[in-house]
Amino acid sequence: MRTISVSAPGKLLLLGEHAAVYGHPCIVTAVNQRMHLVAECTPDAVFRLDAENLYVKRYERPMQEVGTGQVPKAVRFVESAVRRFMQAYPFSQGIRMSTKCDFSSQHGLGSSSSVTVGAIRALAELTGRTLTREELFTMAFQAVLDVQGRSSGFDVAAAVYGGTILYQKGNKPEQLDPEQLPLIVGYSGQKADTVSQVAAVREIHDRHPEIVDRLFEIVSVLVKDGATAIRTHDYRKLGAYMNLNQGILESLEVGTAKLAAMIYATRAAGAYGAKLSGAGGGDCMIALAPEDKKELISTAIAKAGGEIIAIETNVEGVRIDH
Ligand code: MEV
């Protein structure tokens, strides 16, 4: 029986989180911490899963039940991906999958979207279907929405297309620049929950729509001009935009004292700019670092109680490894 190995990258949001959910653009980069997925067909109609990082061992369900009824949290995204694929391209075999992630699902680097994209890519390969990147994106985004309810799809786009992209719901992502970004990433040690963060911002938005919509308009400008700053490698400007974006995120109450301490520490250590990355409420912050300040900035994050996550940006999207 043929075994397929697929991997999909994690991601970091550079600018535009939360506004992206309301249809505004954002900038996301794919990072070299990847989700690895091995899959094969089996002769019986059973779905089997081992997900080492999520403590899922010898999980199994009849294929026709996958993605229905009560699905344990840890396997929701994979099941949703399998269900979406089976609905579009019915097949009679069973599937055995195992997943392993270079990063912890606690870090907020996008393990849910990476595993969703990886699972669909693997199923397409196993069943001899050719999906364009656009088709893969559409199906994976749908599978994520089935689980998450509300999402901009930026993380799915990063997992599918890779690179550093300007993404806006409904538009084809635009690749910005093939160069590495001088980013330093600090994990706050606090696990954030995207769904509740998005719901909390929705509440503030619905209480003050005329103000929050204006804030999102400003985020849009930061993102569009930030894209130009990336294209021209104007990191001083990009850093300033990150700081402005952070101010808006703070006003939406998605910051935490710990993230703020890490962000302030990196600015004091000479970062061009720093902000939280993702839904907020914990997870990671990012700092844009001048070459000669990288060490000082990393030390500042550690002193503020953060954990450095070594990453490369701008990496390849989902791929078949063998
Ligand atoms: C979460 O990492 C980023 C949000 O903008 C949600 C989304 O875009 O789907 C808060």
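The values are calculated or read from the model by the stated rules, or taken from the named source; none is laboratory data. Everything numeric here is computed off the predicted structure, so don't read it as measured data. Positions of Cβ are backbone-derived with ideal geometry, glycine not excepted, and every protein chain shown enters the neighbour counts. Ligands, DNA and RNA are excluded from the accessible area calculation, which covers all protein heavy atoms including side chains. Shrake-Rupley method; radii C 1.70, N 1.55, O 1.52, S 1.80 Å.
Per-structure values
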{"read-out": "The one condition in (1) away from the ligand (no atom under 15 Å from the Cβ); (2) open to solvent by 40 Å² or more (accessible area, probe 1.4 Å); (3) out of contact with any helix residue (DSSP H, G or I) (no Cβ under 6 Å at 6 or more places or on another chain) that Ile95 fails to fulfil", "value": "(2)"}
{"read-out": "Pairs where the first residue, in segment 185-209, is of a type in the set (Val, Ile, Thr) and the second is assigned to a helix (DSSP H, G or I) and surrounded by 12 or more Cβ atoms within 10 Å (Cβ to Cβ), C-beta under 7 Å, 6+ apart", "value": "Val195/Gln148; Val198/Val21; Ile204/Val212"}
{"read-out": "Flag for Gly162 being away from the ligand (no atom under 11 Å from the Cβ), small (Gly, Ala, Ser) and within 13 Å of the chain's Cα centre (by Cα)", "value": "yes"}
{"read-out": "Top-ranked residue in segment 15-40 [being out of contact with any Gly (no Cβ under 7 Å at 6 or more places or on another chain), open to solvent by less than 10 Å² (accessible area, probe 1.4 Å) and assigned to a strand (DSSP E or B); ranked as farthest from the ligand (Cβ to nearest atom)]", "value": "Ala39"}
{"read-out": "Number of the condition not met by Ser152 [criteria: (1) assigned to a loop (DSSP other than H, G, I, E, B); (2) in contact with a helix residue (DSSP H, G or I) (Cβ under 7 Å, 6 or more places away or on another chain); (3) within 14 Å of the ligand (Cβ to nearest atom); (4) modelled with pLDDT under 95]", "value": "(4)"}
{"read-out": "Verdict on Leu145 being at negative phi, within 16 Å of the ligand (Cβ to nearest atom) and free of Cβ contacts under 8 Å to residues at least 24 places away in the same chain", "value": "yes"}
{"read-out": "All positions within segment 74-101 that are in contact (Cβ under 8 Å) with a residue 40 or more places away in the chain and farther than 22 Å from Phe137 by Cβ", "value": "Ser92, Gln93, Gly94, Arg96, Ser98, Lys100"}
{"read-out": "Wholly enclosed strands (runs of 3 or more DSSP E) of segment 214-322 bearing at least 3 residues open to solvent by less than 10 Å² (accessible area, probe 1.4 Å)", "value": "273-277, 284-288"}
{"read-out": "Residue in segment 173-193 that is more than 15 Å from the ligand (Cβ to nearest atom), assigned to a helix (DSSP H, G or I) and touching a Gly at 6+ places or on another chain (Cβ under 6 Å) present", "value": "no"}
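Every residue, every condition in (1) out of contact with any helix residue (DSSP H, G or I) (no Cβ under 7 Å at 6 or more places or on another chain); (2) of a type outside the set (A, V, I, L, M), yes or no:
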site	(1), (2)
Glu217	yes, yes
Gly226	no, yes
Asp234	yes, yes
Leu238	no, no
Tyr241	no, yes
Ser251	no, yes
Leu259	yes, no
Ala265	no, no
Gly273	no, yes
